[in-house]
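The values are calculated or read from the model by the stated rules, or taken from the named source; none is laboratory data. This is a predicted model, so every value here is computed, not measured. We place every Cβ from the backbone using ideal geometry, glycine too, and count neighbours over all the protein chains shown.
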Amino acid sequence: MAPETNESAPARPRKLVALHWLTVLFVLLAATFILTRDQLDGRAVRMWLLEGHRHFGLIVFLLFFVRVALRIRLGKLPPLHESHWTLRWAAGLTHVALYGILLVLPLLGWALSNAQDLPVHFFGLTLPALVAPDEDLADQLQAWHTDAAWILLALVCLHVVGALYHHFVVRDRVLRAMLPARRR
């Protein structure tokens, strides 16, 4: 199969592409803040990084609902590539799992903070507690939140490998369709 030019790659709806890359950005920022926090000393900077991690996680949580609403509004998108049903099924399952983890991970973090008796603030608002303070529950939620983060990393890697497979092996327009449009 001959490679296609960028002009032959119909882009996905711009709002969908924008939400995709905003989600990527905020997930990366949330991960960077918490991983940096674990490497630093100093209570003030660690608390600032934790608050940043929470804010970016909550933005991902909000983007989840915007993405779901947009996907419902757009309906079923036309396929960009004809592939075997097993690959379509695997891709669909991966997307559902990604959406699920983007919902669950921030909720686990929010509940974890509450179980640690820490209020969750979001741009000046104190959010309601999802659970009561409880050290044992906090330990369990910490483990679940960490496990969910590892699952997210695995799903993102699978997603990236799939996109690169389409681009370099199949040589179709799947990856290019999700890239932000260039100005001409």
**Item:** Selection within segment 61-80 - closer than 17 Å to K15 by Cα, surrounded by 14 or more Cβ atoms within 10 Å (Cβ to Cβ) and modelled with pLDDT under 90
**Value:** none
**Prompt:** Applying the selection to segment 30-49, what residues are out of contact with any Lys or Arg (no Cβ under 6 Å at 6 or more places or on another chain), closer than 18 Å to T146 by Cβ and modelled with pLDDT of 95 or more?
**Reply:** A30, A31, T32, F33, I34, L35, T36
**Prompt:** Does R173 fit the bill of being modelled with pLDDT under 95, under 22 Å from L19 (Cβ atoms) and either in contact with a Phe, Trp or Tyr (Cβ under 6 Å, 6 or more places away or on another chain) or not hydroxyl-bearing (S, T, Y) (or both)?
**Reply:** yes
**Message:** Just the residues that are surrounded by 14 or more Cβ atoms within 10 Å (Cβ to Cβ), of a type in the set (A, V, I, L, M, F, W, C) and within 24 Å of G57 (Cα to Cα), please, taken from segment 81-101.
**Reply:** A97, L98, I101
**Request:** Being of a type in the set (S, T, N, Q) and closer than 21 Å to V104 by Cα is the filter here, so list the residues in segment 28-65 that pass it.
**Result:** T32
**Complete:** Given the conditions (1) surrounded by 15 or more Cβ atoms within 10 Å (Cβ to Cβ); (2) over 20 Å from the mean Cα position of the chain (by Cα), every one holds for P119 apart from (1)
